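S.K.: Sharing a structure, written as structure tokens. Questions coming.
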Amino acid sequence: MKHALLLQTKNLVVGVTLALLPLPALAGGAVTGGATLPEQIVQEGTAVEQLGKQAQEVETQIEQYQNMVQNMVNIPPSLLGQMQGSFDQLIHLANQAQSLSTQAQNIASQFQNLNTNAASSSEMENYIQNYQQISENLSNSIDNALQQANLNPSNFATVAQAQQAVSQALQNPQSRNALLQAGAEVGQAEVGQLGQLQQTLAAQTNLQAAIAKTHLAAKNAQNEAVRELNSDLQGSGQTPTYGNPSFGWLN
């Protein structure tokens, strides 16, 4: 039900907003990777949804490993490799989640710039701040989980450093169990923050759809006025006076 509603909203934004955006935006003035702003909105929502599902899957995998190896001293190399692979996915998902938060901020800023007269500046600024807060919350959650596992967050500053730190921690039973606990908590944080990102994006999308509908109604009203004027011109063959004197005495 939720997925169907989100899909309808995405379609509304694409169908309506494409017809209403200023010409510079449609010509490529507000694009990322060749995509127009409405296309960016749809791409962002789809990416967040897919990433949330992946994060949930990885979180489940790590929790299964946690239950499986908590009393094991020696881990088969094949299982170590599988755990390393799950942590690699977790690291990449965290980076992608942060990237999507930044992209959402950029999209909100672009929409604010293109609709300065339609959207409240403070309202759109709230969305930008919400995206920033989501990114900060995820970073803080990761750091807290690592610190509780007696792992130094500075050793996880880059993807390569994080992968190396994970590989080393997996070799020792005590640090391995702590790492798995931290990984499960990070996975939960990723799922939660991606859910917040999706909710915020959906609310912003609804606002953009409402603004687009208002623009469309105004455009239709203007087109109707032009149609009536053309109808009057074609019907009489003369320019209508609309109450002005005919000046027939000049003939």
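S.K.: When the Karplus curve 6.51 cos²θ - 1.76 cosθ + 1.60 is applied with θ = phi - 60°, which whole-Hz ³J(HN,Hα) does each residue of segment 138-144 get, with x for Gly and Pro?
M.R.: Using θ = phi - 60°, the values come out as 5, 4, 5, 5, 5, 4, 5 Hz.
S.K.: Regarding segment 62-137, what are the three Cα extents along the principal axes, ordered largest first, in Å?
M.R.: For segment 62-137, the Cα extents along the three principal axes come out at 65, 17, 14 Å.
S.K.: Still on this structure, I have one more. What does the extension gain come out to for Asn74 and Ser175, with contour length at 0.36 nm per residue minus their alpha carbon separation?
M.R.: Extra length from Asn74 to Ser175 when fully extended: 35.0 nm.
S.K.: Shifting gears a bit: Cut-off is 10 Å between beta-carbons; in what order do Leu80, Leu100 appear when sorted fewest neighbours first?
M.R.: Leu80, Leu100
S.K.: What is the distance, in nm, between label points placed 7 Å from the Cα along the Cα-to-Cβ direction at Asn144 and at Thr102?
M.R.: Those two pseudo-labels are separated by 2.4 nm.
S.K.: Shifting gears a bit: In what sequence do Arg227, Arg176 fall when counting other Cβ within 10 Å, fewest first?
M.R.: Ranked by crowding around the Cβ, least crowded first: Arg227, Arg176.
S.K.: What order do you get for Ser139, Ser154 when you list them from fewest to most C-beta neighbours inside 10 Å?
M.R.: By the 10 Å Cβ count, ascending: Ser154, Ser139.
S.K.: Now, a different point. By how many nm would the segment from Leu233 to Glu49 grow when fully extended, if each residue of separation counts as 0.36 nm and the alpha-carbon distance is taken off?
M.R.: 60.9 nm
A short reminder: the numbers here are calculations on the coordinates, not readings from a lab. The structure presented is a predicted model; accordingly, all values stated were derived computationally and were not measured. Ideal geometry is used to build each Cβ from the backbone, glycine not excepted, and the neighbour counts take in all protein chains shown.
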